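Student: One structure follows; several queries about it will come next.
The values are calculated or read from the model by the stated rules, or taken from the named source; none is laboratory data. Bear in mind the structure is a predicted one, so any value in this text is a computation, not a measurement. Cβ placement follows ideal geometry from the backbone for every residue including glycine, while neighbour counts extend to all protein chains displayed.
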Amino acid sequence: MLRVTVDLFSGRPNPTWIISDEEYSEKLLSQLSELADHVRDPDEVFPGLGFRGIQIQRFGDDAQRDRLPMRLAVATGRSEEPSEIMEIAREIIQSMTRFNKIRFPDHELTPINPELQDYVLKRFEEFRLAHIRDWVLGILKPCPLRKTVHDSECKDCEYEESRFNPDFWNVDPQVRLNNNCYNYARNWRTDTFAQPGRASGNWPNPMACNDVAGGAMSDGLVHRCNCLPQGEYPRRLVALVVDPGWDYHWYRKQCGGFWGHKPGSTAARNTDNSGVLITDPETCDRGGYTDFCGYFYAGKSVVIT
Amino acid sequence: MRVELDLFSGRPNPGWTLTAAEGAELEAMTASLPIMVKPPPRFDGLGYRGIVVRKPADPGWSLVAFRDTVRVRSEKGSEVRADPDAAVERWLLRKAGDAVDPDMLARIGY
């Protein structure tokens, strides 16, 4: 027997049911065992909104003969998922109404019925198509972990772009809570909620472009087009904005033509306040951070705390 | 309990603490609110994102009061409760003392 939970909702209980058909359970585990490298730990799933994967819990101590753990998750989008995994995930969802006889208290709010099945399938298909799109873009635009690019805005300057890797900042709650936009821009997890100028003795500063930029430059950042030598590798291109009188915010150029950022202790991402991919930090939706202060390079000698 | 006004991206958010009695009052107040079946998505972009309450002894527990919703996450799962009058958010702000000044209150719409 297997307990299945679709990790989907934020407020109401997630759809959950028991697969009581032993033959189907065995077939499912056999298929997943062949794809064990693509099975994830349910506790490592990205905690965003929307379809986040299908969790499977095994019952019975005679089920350990294969490579699968007792609790697992599939179709989480954390890595490139083969089409076979997506087919299995779809089949699991399509079977949910076969197994609605075993009742849970959660079924009062989330009944396992055809309407719910249609809704879950719709959300799953959206997730699957988005996953394929990202995967295809990855094929067309392969991003190495780090690559050197020529800065088209300057005559001779180069800097490094990294592959977008939000999991580094988001999976561990303590990392997410204790690192902010400045940590993300510098790409240095200090776990101190780093502040511009604090490492170099020029903090705190009033929340205006010149003051925040001054603090950051005392940490070692330089204005864009003041080329950094190869010895400063890796050199990041970052952008500073300010909510006048209140706060500042940083973005970092990523491989793939977009910018990443991390608003305070929230999750790192590459989308703006409207949920749109950030291709230009000057024009993206920044809420109250209305002052665009400029672009900077951050080389390896930049120290932040 | 540790409380944080989740407003900033770069500078540290203002914070304050609740006594054990205040924490119990907060939990009772929250438990009395109805659970939302179709809650709105949580805003977590740049700007005011709500008031976050955490228990240092229970890292898996958190509460976010933001306008007309209260989100509680615990080991048992997460739930969203409707708070049409933003009573929990207002109550938490009343406990802030000097941590939140009038300019900041105005900034978040109070």
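Student: Is it the case that residue B:25 is acidic (Asp, Glu) and in a helix (DSSP H, G or I)? Step through it out loud before you land on a result.
Tutor: Details: acidic (Asp, Glu): yes; in a helix (DSSP H, G or I): yes.
Against the criterion (acidic (Asp, Glu) and in a helix (DSSP H, G or I)), residue B:25 qualifies.
Student: Only one of B:46, B:7, B:63, B:92 is more than 24 Å from residue A:43 (Cα to Cα), more than 11 Å from chain A (Cβ to nearest Cβ) and modelled with pLDDT of 95 or more; which?
Tutor: B:92
Student: While we're on this one: Can you tell me which condition residue B:97 does not meet? The list is (1) surrounded by 14 or more Cβ atoms within 10 Å (Cβ to Cβ); (2) more than 10 Å from every other protein chain (Cβ to nearest Cβ); (3) within 30 Å of residue A:215 (Cβ to Cβ), and all the others hold.
Tutor: Every condition holds for residue B:97 apart from (1).
Student: Hey, another quick one. Return yes or no: is residue A:222 of a type in the set (A, V, I, L, M, F, W, C), within 18 Å of the chain's Cα centre (by Cα) and away from chain B (no Cβ under 11 Å)? Steps first, please.
Tutor: Numbers: of a type in the set (A, V, I, L, M, F, W, C): yes; within 18 Å of the chain's Cα centre (by Cα): no; away from chain B (no Cβ under 11 Å): yes.
So residue A:222 does not fit the description; no.
Student: Here's a follow-up. Pull up the stretch B:49-64, narrow it to residues that are without any contact (Cβ under 8 Å) to a residue 24 or more places away in the chain and among the small types (Gly, Ala, Ser), then point me to the one that is nearest to residue B:88 (Cα to Cα).
Tutor: B:62
Student: Also, I was wondering about something else. I'd like to know if the stretch B:65-79 contains one or more residues that are free of Cβ contacts under 8 Å to residues at least 60 places away in the same chain, over 16 Å from residue B:42 (Cα atoms) and polar (S, T, N, Q).
Tutor: Checked against the condition, which is being free of Cβ contacts under 8 Å to residues at least 60 places away in the same chain, over 16 Å from residue B:42 (Cα atoms) and polar (S, T, N, Q), the stretch B:65-79 yields at least one hit.
Residues are listed down the side, and each one gets a yes or a no for (1) in a loop (DSSP other than H, G, I, E, B); (2) of a type in the set (D, E, K, R); (3) assigned by TED's automatic domain parsing to the domain that holds residue A:160; (4) surrounded by fewer than 22 Cβ atoms within 10 Å (Cβ to Cβ):
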{"residue": "A:218", "(1), (2), (3), (4)": "no, no, yes, yes"}
{"residue": "A:225", "(1), (2), (3), (4)": "yes, no, yes, yes"}
{"residue": "A:242", "(1), (2), (3), (4)": "no, no, yes, no"}
{"residue": "A:249", "(1), (2), (3), (4)": "no, no, yes, no"}
{"residue": "A:252", "(1), (2), (3), (4)": "no, yes, yes, no"}
{"residue": "A:256", "(1), (2), (3), (4)": "yes, no, yes, yes"}
{"residue": "A:288", "(1), (2), (3), (4)": "yes, no, yes, yes"}
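Student: Out of all the residues in the stretch B:23-43, which are in contact (Cβ under 8 Å) with a residue 24 or more places away in the chain, out of contact with any Asp or Glu (no Cβ under 6 Å at 6 or more places or on another chain), within 9 Å of chain A (Cβ to nearest Cβ) and among the hydrophobic types (A, V, I, L, M, F, W, C)?
Tutor: Within the stretch B:23-43, just B:36 meets the criteria.
Student: If residue B:105 passes every condition in (1) within 11 Å of chain A (Cβ to nearest Cβ); (2) in a helix (DSSP H, G or I) but one, which one does it miss?
Tutor: (1)
Student: Just name the residue that is nearest to residue A:15 (Cα to Cα) out of those in the stretch A:51-97 that are at pLDDT below 90 and of a type in the set (Ser, Thr, Tyr).
Tutor: Looking at residues that are at pLDDT below 90 and of a type in the set (Ser, Thr, Tyr), I get A:76.
Student: Hey, another quick one. Could you list, in sequence order, all residues of the stretch A:168-191 that are in a loop (DSSP other than H, G, I, E, B) and surrounded by fewer than 16 Cβ atoms within 10 Å (Cβ to Cβ)?
Tutor: Scanning the stretch A:168-191 gives A:172, A:189, A:191.
Student: Of all residues in the stretch A:141-167, count the ones that are in a loop (DSSP other than H, G, I, E, B) and free of Cβ contacts under 8 Å to residues at least 12 places away in the same chain.
Tutor: Of the residues in the stretch A:141-167, 3 are in a loop (DSSP other than H, G, I, E, B) and free of Cβ contacts under 8 Å to residues at least 12 places away in the same chain.
Student: Step by step: first the residues of the stretch A:260-283, then only those that are of a type in the set (A, V, I, L, M, F, W, C) and free of Cβ contacts under 8 Å to residues at least 24 places away in the same chain, then the one that is farthest from the other protein chains (Cβ to nearest Cβ). Which residue is that?
Tutor: Step one: of the stretch A:260-283, the residues of a type in the set (A, V, I, L, M, F, W, C) are A:267-268, A:276-278.
This time we only want the ones that are free of Cβ contacts under 8 Å to residues at least 24 places away in the same chain, so: A:276-277.
Values: A:276: 11, A:277: 14 Å.
So, considering only residues that are of a type in the set (A, V, I, L, M, F, W, C) and free of Cβ contacts under 8 Å to residues at least 24 places away in the same chain, the one farthest from the other protein chains (Cβ to nearest Cβ) is A:277.
Student: Residue A:205 passes all but one of (1) surrounded by fewer than 18 Cβ atoms within 10 Å (Cβ to Cβ); (2) without any contact (Cβ under 8 Å) to a residue 24 or more places away in the chain; which number fails?
Tutor: It is condition (1) that residue A:205 fails.
Student: Taking the condition in a loop (DSSP other than H, G, I, E, B) and among the hydrophobic types (A, V, I, L, M, F, W, C), does residue B:37 pass?
Tutor: Yes, satisfied.
Student: Let me ask another. Give B:27, B:79 a once-over and let me know the one that is within 12 Å of the chain's Cα centre (by Cα) and farther than 30 Å from residue A:291 by Cβ.
Tutor: B:27
Student: Got a number for residues in the stretch B:10-22 being part of a loop (DSSP other than H, G, I, E, B), of a type outside the set (A, V, I, L, M, F, W, C) and more than 12 Å from chain A (Cβ to nearest Cβ)?
Tutor: 1
Student: Let me ask something else about it. Is it the case, given these coordinates, that residue A:189 is in contact (Cβ under 8 Å) with a residue 40 or more places away in the chain, touching a helix residue (DSSP H, G or I) at 6+ places or on another chain (Cβ under 7 Å) and over 23 Å from residue A:227 (Cβ atoms)?
Tutor: No, not satisfied.
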